[in-house]
1. Among the residues of segment 587-625, which ones are in a helix (DSSP H, G or I), among the hydroxyl-bearing types (Ser, Thr, Tyr) and free of Cβ contacts under 8 Å to residues at least 24 places away in the same chain?
2. Return a yes/no flag: does segment 565-586 have any residue that is outside any helix (DSSP H, G or I), in contact (Cβ under 8 Å) with a residue 60 or more places away in the chain and under 24 Å from residue 474 (Cβ atoms).
3. Could you look through segment 269-322, keep only residues that are closer than 14 Å to residue 229 by Cα, among the aliphatic types (A, V, I, L, M) and not in a loop (DSSP other than H, G, I, E, B), and pick out the one that is modelled with the highest pLDDT?
4. Any residue in segment 314-340 that's within 15 Å of residue 201 (Cβ to Cβ) and outside the structural domain of residue 300 (by TED's automatic domain parsing): show its pairings with residues that are outside any loop (DSSP other than H, G, I, E, B) and among the small types (Gly, Ala, Ser) at Cβ separation under 8 Å, as long as the two are six or more apart or on different chains.
5. Report whether or not residue 597 is at pLDDT below 90 and either of a type in the set (Lys, Arg) or surrounded by 13 or more Cβ atoms within 10 Å (Cβ to Cβ) (or both).
6. Show me the helices (runs of 4 or more DSSP H) found entirely inside segment 96-160 where at least 3 residues are modelled with pLDDT under 85 and outside the structural domain of residue 85 (by TED's automatic domain parsing).
7. Could you check, for segment 23-34, whether at least one of its residues is at pLDDT below 70, on the phi < 0 side of the Ramachandran plot and of a type in the set (A, V, I, L, M)?
8. Could you list, in sequence order, the residues of segment 551-564 that are over 31 Å from the mean Cα position of the chain (by Cα) and surrounded by 22 or more Cβ atoms within 10 Å (Cβ to Cβ)?
Amino acid sequence: MKAVDTDCHAYYYHWKKHLYQALKDGKWEIIDRMIHDHPDEAFKAKLNKNGDKLLLCAINERKWWLVIRLVKKITAEHLAESLAETDDFGNTALHLAANIGRVEEAKKIVGAKKELLKYPNRDKFLPIQLAARREPANAYKMTSYLFEVSKEDETSSELRKNFPRVMLSLVTAGFYDLALDLFKYKEDEKGDRIRDLELDILEKMASDPGGFKSSCRLNFWESLIYSYSSIPSKHISRTKHSTYAGMKFLLLDTTPCLNQGLHKRLVLFCFAVYKAKFWNVLAQVPMLNIEDIPALKWKHQCALQLFESLCKIADETGYPLEKTFLLGAQNGIEEIVRTIIDSYPTAIKNEGRHWTAFHVAVMYRHVKIFKMLYEKNIRNGQYLRMLNEKEKSVLDFVEEAGHQAGIGTDSGVVFKMQRELQWFMKVTELVKFKKSPKKENPELDLPEIPLVSFEEHHADMAAKDKEWMTGMANASSVAASLIATVAFAAAFLVPGGNHSTGIPNFSNEGFFKVFAISDALALFFSITSVLSFLSIYTSRYKVRDYLFDLPIRVIVGLISLFFSLICLVMAFSCTLFLVFAKKNVLLLTPIITLSCIPVVLYVILQLPSLVTMIRSTFYSDITHW
């Protein structure tokens with residue numbers, strides 16, 4: 001009898017092994033035959049060590065064409081039961097589909113057994129939470145679908161019951177529009193106020209710089225498009241106050257003129273609509289390498305609205321916001337700092353520790369955060385003068401090198417040493433108190449913070465800035481020298497040649513005069529650029545030189561190189577017209593078009609950095625407030 005049992009067990013193990021192998025190999029003929037031979041056992045047998053059954057194994061293997069065929073093989077009375085089966089981790093078929101991001105398959109599973117939406121696995125995660133935790137391209141689509149179907153009557157109670165955990169998952173994934181929808185959905189429930197708020201939600205938002213406009217580092221073109229683009233209706237329509245939200249962005253430029261009459265208001269509104277469309281189209285230009293800026297703008301708006309709503313709940317329930325405040329200051333999120341400090345001015349200081357938001361703002365070099373805190377604390381400067389638990393003040397932090405997370409993501413940083421010097425000067429100007437063991441200046445009654453100590457802490461940064469400047473000067477001076485050589489040679493080899501008297505043949509032509517002026521200017525500007533970049537090599541690279549002297553030399557060199565390039569292109573275009581296109585005016589259009597290409601490339605590639613250099617040197621947000 002024992003031998004018979006052993007043979008049965010061996011046979012049972014044997015066909016299970018073959019079924020699992022056929023599933024991995026995708027051999028439907030073998031799978032179909034085994035299902036025919038074992039109609040009940042095939043869907044109930046555990047095929048691997050995790051306890052996954054046939055349908056779950058097919059989903060885990062991501063063989064969705066097999067999943068569709070297997071679902072058709074299951075009888076109607078056993079389909080719901082098969083879909084509800086779980087693996088050793090408590091995951092149903094909907095968990096696995098949500099985890100992978102298969103929206104179409106999830107729709108079929110939900111259609112067959114909708115109750116799976118509220119089944120948590122052993123880690124207490126609902127399918128919508130697994131969908132939000134993954135990072136495939138369609139994670140948002142999957143999460144959005146599960147959220148919409150979960151709001152229906154049969155499962156809405158479970159969604160409200162797990163509100164804090166689902167909200168945390170949505171915030172962690174950065175799906176702020178869905179999180180805002182969930183908040184309003186929970187808030188609209190009569191007689192059930194939101195009291196089960198978790199602090200992790202607020203702290204998670206304060207740890208996400210990309211979720212807010214102020215801390216989302218955009219380049220020149222992205223910032224320009226962000227300022228003028230509108231939010232697409234496909235994003236606006238997700239919330240209840242969608243009409244107002246959309247009209248708000250379209251009327252940004254029309255609000256100052258609302259008192260000018262209905263006709264003018266209508267014209268301005270139409271102009272704003274067309275301008276918004278133009279910037280939305282510009283965002284799709286491949287050369288600019290721009291993200292979906294309108295969608296990003298919508299995300300920032302939802303994040304701010306959600307944070308303000310959650311802060312009101314935190315105020316009602318008495319949750320402390322000091323840690324959230326410090327995290328917001330650390331990541332440079334002005335919206336969070338402003339929202340909290342307007343309601344809780346004492347949040348500048350972290351109770352129980354001597355750390356203040358001033359220490360954090362200086363450590364991470366967030367100018368606007370520091371300015372905001374200083375303006376709020378201008379009448380009482382004890383927070384600015386406080387020492388932290390390691391007996392360090394803001395002076396010590398500004399003397400040391402700034403945290404790289406703050407410097408590297410600062411959109412105003414091109415010359416890092418210049419930025420550090422500006423911080424050094426501004427903070428030492430604002431902090432006016434005596435602090436031992438540093439020596440004091442008896443005349444100014446200020447603490448003496450030696451520049452030598454600053455230089456020691458910034459030696460590596462100064463070396464990197466020097467290497468960058470010399471490398472850039474080397475490459476740019478080569479280009480300027482080439483332009484100077486060509487412009488000098490063109491002055492003697494004029495188009496059309498010369499008379500026997502030495503006078504150019506085209507001397508009376510208007511385009512020749514343009515050529516002569518452009519060629520001369522190209523030579524002068526290129527020589528100026530070469531001399532400017534040469535002075536960078538001969539600089540002594542003292543610490544104070546990084547504040548104005550070296551940046552000005554770089555700026556002058558790049559501007560001169562830009563104008564020399566324009567003048568050289570103009571001179572070359574005039575030459576082509578005089579020699580080839582004078583008798584055929586139609587050639588003038590392609591000449592002008594092609595001559596604009598190098599200038600446009602220079603503008604796209606170099607102008608943003610040049611503008612940033614000029615702004616940081618002459619209009620720095622640190623020194624000018």
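1. Listed by number, the residues that qualify are 589, 593.
2. no
3. 296
4. Filtered contacts from segment 314-340: no entries.
5. So residue 597 does not fit the description; no.
6. none
7. Checked segment 23-34: no residue is at pLDDT below 70, on the phi < 0 side of the Ramachandran plot and of a type in the set (A, V, I, L, M).
8. 557, 560, 561, 564
The values are calculated or read from the model by the stated rules, or taken from the named source; none is laboratory data. In this text the structure is predicted, and so the values were computed from the model without any measurement. So basically every Cβ, Gly included, is an ideal-geometry build from the backbone, and we count neighbours across all protein chains shown.
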